[in-house]
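Worksheet: one structure, shown below.
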Ligand SMILES: [Zn+2]
């Protein structure tokens with residue numbers, strides 16, 4: 001079906017283009033892409049959307065999330081990472097049915113849209129990962145997702161799979177979903193973390209990634225106990241393990257990287273490894289504070305994600321942006337993480353982490369129309385001499401009024417258009 005052309009009039013555009021321009025201008029959207037940015041675009045015979053008093057920003061990109069964990073929100077409190085996984089999360093994930101997994105994904109995506117997130121990188125689930133892809137497809141969110149790989153370690157037997165079976169299923173999902181809907185959905189290989197994977201699984205995953213030119217999305221160096229156990233097993237650091245096994249030859253995306261030494265950071269820099277920073281989760285699990293200003297100084301790409309709802313306990317990019325700035329300011333001084341820098345982490349740098357920076361992450365001609373419209377004039381956020389400060393420190397996710405992905409509305413007047421919010425809440429509430 002040919003998509004209509006739409007003129008967005010009079011919005012304040014926070015473009016995140018290379019000049020970081022903020023413009024009062026119109027946008028012309030055709031076939032899901034931005035084709036013109038100019039004052040007074042002719043709206044004859046075109047649909048018009050008036051964005052007076054709205055701020056228009058690129059759709060936010062969250063590069064590390066767990067669609068499968070949202071039903072465990074508010075049920076796994078006050079535990080460190082490895083206990084949190086063993087006592088709460090792995091048994092919870094093992095208990096999901098296709099129906100409850102779908103509800104978890106719908107709840108998550110509804111929250112993403114209502115908070116302005118239009119692109120996610122989801123690390124998937126071991127069993128029934130196809131349900132995640134089907135839910136992503138029907139809701140219209142842009143996503144990279146995965147079957148999560150686990151074939152060893154301390155998890156319940158029900159989610160620890162045979163190595164060959166896990167990889168065979170990954171390839172089936174890859175063939176079914178990679179590039180789906182004009183590239184809106186993509187596939188990445190996702191070993192959960194080194195400790196839940198055998199050497200054979202890690203080696204074969206690296207080989208498959210090279211063979212099919214796939215990205216690898218995993219957790220790394222989140223927690224001190226985790227890095228000690230990895231060192232004991234391999235005799236080298238967690239980050240060095242990835243280099244040793246050949247993961248640095250493909251697009252490698254590592255959630256957390258809280259505990260890294262100088263040698264690790266040189267590896268991150270040398271191979272352009274993408275750091276997926278999850279400040280809320282790192283704080284709440286007591287894992288620590290990632291050395292983000294140091295990574296940025298080295299030119300390492302950093303982006304943001306809410307991680308799973310049981311360690312956060314929400315999926316708000318606004319919360320992550322605010323914390324990403326504040327925790328570094330407390331440690332390294334008020335200039336260590338500006339609002340403008342953080343806004344880039346949540347938009348264009350997120351797009352770059354996913355290899356999508358030619359398609360999304362900014363408001364520029366030729367890019368896909370993934371856009372978020374926020375109320376500008378609110379008691380909690382005016383005046384706004386510094387727009388980035390407003391967006392990071394004053395704005396709230398409830399300021400998000402309308403959201404589109406690929407030029408298609410998914411949220412209008414804060415109503416979800418592709419998800420029945422009331423039905424989901426009725427099914428989930430206690
Ligand atoms: Zn995670």
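What to note about this one:
- Angle between the chain longest axis and helix 163-177 axis [Cα atoms, degrees, rounded to 10]: 20 degrees
- Degrees separating the helix 98-114 axis from the principal Cα axis of the chain, which is the longest one: 40 degrees
- Overall dimensions of the chain by Cα: Rg and Dmax, Å: 20.8, 68
- By the count of other C-beta atoms within 10 Å, a proxy for reagent exposure, 112, 72 are ordered fewest to most as 72, 112.
- Secondary-structure-derived ellipticity at 222 nm for the chain, considering helices only, amounts to -9500 deg cm²/dmol, per-run term -39500 (n - 2.57) for DSSP H runs with n ≥ 4.
- Spin-label model, residue 414 to residue 44: label points 7 Å out along the Cα-to-beta-carbon direction sit 3.9 nm apart.
- Dividing the radius of gyration of the alpha carbons in segment 50-161 by their Kirkwood radius gives 1.04 for Rg/Rh.
- Directionally averaged projected area (convex hull, Cα atoms, segment 253-363), nm²: 6.8 nm²
- Residue order, fewest to most beta carbons within 10 Å, for 56, 8: 56, 8
- Fraction of the pair-distance distribution of segment 151-226 above 17 Å, Cα-Cα pairs, percent: 49 percent
- Along its first, second and third principal axes, ordered by size, segment 303-386 spans 39, 32, 28 Å in Cα coordinates.
- For segment 276-322, the normalised intensity computed at q = 0.20, 0.22, 0.23 Å⁻¹ comes to -0.63, -0.74, -0.79 (log10 of I(q)/I(0), Debye sum over alpha carbons, equal scatterers, no solvent).
- Rounded to the nearest 10 degrees, the inclination of helix 224-234 to the longest alpha-carbon principal axis of the chain is 50 degrees.
- Average Cα contact separation per residue, segment 1-139, under 8 Å, 6 or more apart, as relative contact order %: 23 percent
Read-outs throughout are calculated quantities, based only on the coordinates presented, and are distinct from any laboratory measurement. Quantities reported herein were computed from a predicted structural model and do not represent experimental measurements. For neighbour counting, all protein chains shown are included, and Cβ atoms are generated from backbone atoms with ideal geometry for every residue, glycine included.
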